[in-house]
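Trainee: Before I ask anything, let me first share the structure, which is written out below as structure tokens.
The values are calculated or read from the model by the stated rules, or taken from the named source; none is laboratory data. Please read all numbers here as calculations on a predicted model, not as lab measurements. Positions of Cβ are generated from backbone atoms using ideal geometry, with glycine treated the same way; all protein chains shown enter the neighbour counts. The area values use the complete protein model at the heavy-atom level, side chains included, leaving out ligands, DNA and RNA. Shrake-Rupley method; radii C 1.70, N 1.55, O 1.52, S 1.80 Å.
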Amino acid sequence: MTGIRFDDGARTALAFVTLRGDGEREFMFYRNPSADMLLRPEELDVDLIKKAKIFHYGSISLISEPCRSAHMRAMDVAKAANALLSYDINLRLPLWSSPEEAKTWIMSIWDRADIIKVSDVEFEFLTGDSTMSDETAMSLYHPNLKLLLLTLGDQGCKYYTKNFHGAVGSISVKPVDTTGAGDAFVGALLCKIVDDQSVLQDEKRLREVLRFSNICGAITTTKKGAIPSLPKEPEVLALLKGAKEC
């Protein structure tokens, strides 16, 4: 395995997840500080980053230095190598000193991403709009953006490009643990476009990919744990056959 760095003075961060009766969750973190927070720009494996077709990241690495500078440097390297920049907001407010600081830093790199994925909760946090309106969504669009995604839980997702927008439903499942559903969704999407980014300009094909991604996210909620619950492709394809959207 390549690209891993170790810190002799800090430990790996821990995240504890508490589940509610409906499968939704709350997080508690132990980072004081954790090794990931101490990553320095000079420790980046630049050659490895340059090989990436897609560079995917969130906002947690923006919270503190030196990791914030390492994050920025990694984005610069990936962009210069013509990688597609994919931004999953992954808002975790307890880790930030204030909601205002979280919003400031999240938006500080907004216009550099090619793909942005936000959840309904994150959308409301950033815009104040609980209706998830198309007008508000388009206010988040920037000239360099190729795809904006708004995930809506069991209702599927909305998608926005410069030339078209719409919604794709999911399937009805009984949720047990929603942890990892968003990661399954965006991971499935990136897997489908990594070798053919023309999908982003073809609405029919994009809808098919998003349908696949929605089902990946839905399956993940039916099992406990973020990683063990990730589905295999045959499982997703089996559900795609004859499945009706919510």
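Trainee: Looking at Leu145, Leu126, Leu149, which is the one that is in contact with a strand residue (DSSP E or B) (Cβ under 9 Å, 6 or more places away or on another chain) and part of a loop (DSSP other than H, G, I, E, B)?
Mentor: Answer to the check: Leu145.
Trainee: Right, next: For residues in the stretch 92-116 being charged (D, E, K, R) and not in a helix (DSSP H, G or I), which is nearest to Ala15 (Cα to Cα)?
Mentor: Arg92
Trainee: Give the number of residues within the stretch 58-88 that are open to solvent by less than 30 Å² (accessible area, probe 1.4 Å) and within 17 Å of Leu126 (Cβ to Cβ).
Mentor: The qualifying residues number 6.
Trainee: A further question follows. May I ask you to say which residue of Leu14, Leu19 is aliphatic (A, V, I, L, M) and surrounded by 12 or more Cβ atoms within 10 Å (Cβ to Cβ)?
Mentor: The match here is Leu19.
Trainee: So, one more: Just to be sure before I move on: is Gly153 on the phi < 0 side of the Ramachandran plot, touching a residue at least 24 places away in the same chain (Cβ under 8 Å) and of a type outside the set (Asp, Glu) in the structure I sent?
Mentor: Criteria not met by Gly153.
Trainee: Only one of these conditions is not met by Val236: (1) among the hydrophobic types (A, V, I, L, M, F, W, C); (2) within 18 Å of Lys146 (Cβ to Cβ); (3) open to solvent by less than 10 Å² (accessible area, probe 1.4 Å). Which number is it?
Mentor: Of (1) among the hydrophobic types (A, V, I, L, M, F, W, C); (2) within 18 Å of Lys146 (Cβ to Cβ); (3) open to solvent by less than 10 Å² (accessible area, probe 1.4 Å), only one is false for Val236: (2).
Trainee: Take the residues in the stretch 137-150 that are of a type outside the set (D, E, K, R) and touching a helix residue (DSSP H, G or I) at 6+ places or on another chain (Cβ under 6 Å); name whichever of them is nearest to Thr178 (Cα to Cα).
Mentor: Top of the filtered list is Leu150.
Trainee: Evaluate the stretch 105-119: report whether one residue or more is under 17 Å from the mean Cα position of the chain (by Cα), of a type in the set (S, T, N, Q) and within 22 Å of Leu206 (Cβ to Cβ).
Mentor: yes
Trainee: Also, quick follow-up: For the stretch 22-37, how many residues are out of contact with any helix residue (DSSP H, G or I) (no Cβ under 7 Å at 6 or more places or on another chain), closer than 23 Å to Met72 by Cα and open to solvent by less than 70 Å² (accessible area, probe 1.4 Å)?
Mentor: So the answer is 3.
Trainee: Read through the list (1) closer than 25 Å to Ile116 by Cβ; (2) more than 18 Å from the chain's Cα centre (by Cα), then give the number of the only condition that Ala74 fails.
Mentor: Against the list (1) closer than 25 Å to Ile116 by Cβ; (2) more than 18 Å from the chain's Cα centre (by Cα), Ala74 comes up short only on (2).
Trainee: Restricting to the stretch 6-29, name every residue that is more than 15 Å from Ser61 (Cα to Cα) and of a type outside the set (A, V, I, L, M, F, W, C).
Mentor: Correct list: Asp7, Asp8, Gly9, Arg11, Thr18, Arg20, Gly21, Asp22, Gly23, Glu24, Arg25, Glu26.
Trainee: How many of the residues in the stretch 89-146 are within 27 Å of Asp76 (Cβ to Cβ), buried (at least 16 other Cβ atoms within 10 Å of the Cβ) and among the aliphatic types (A, V, I, L, M)?
Mentor: Result for the stretch 89-146: 13.
This table checks each residue for (1) touching a residue at least 60 places away in the same chain (Cβ under 8 Å); (2) open to solvent by 40 Å² or more (accessible area, probe 1.4 Å); (3) touching a Lys or Arg at 6+ places or on another chain (Cβ under 9 Å).
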site: Val173; (1), (2), (3): no, yes, no
site: Ser198; (1), (2), (3): no, yes, yes
site: Lys204; (1), (2), (3): no, yes, no
site: Val209; (1), (2), (3): no, no, yes
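Trainee: Working only within the stretch 175-192, note down all residues that are out of contact with any strand residue (DSSP E or B) (no Cβ under 7 Å at 6 or more places or on another chain) and either closer than 17 Å to Lys232 by Cβ or crowded, with 22+ Cβ neighbours inside 10 Å (or both).
Mentor: Gly180, Ala181, Asp183, Ala184, Gly187, Ala188, Leu189, Cys191, Lys192
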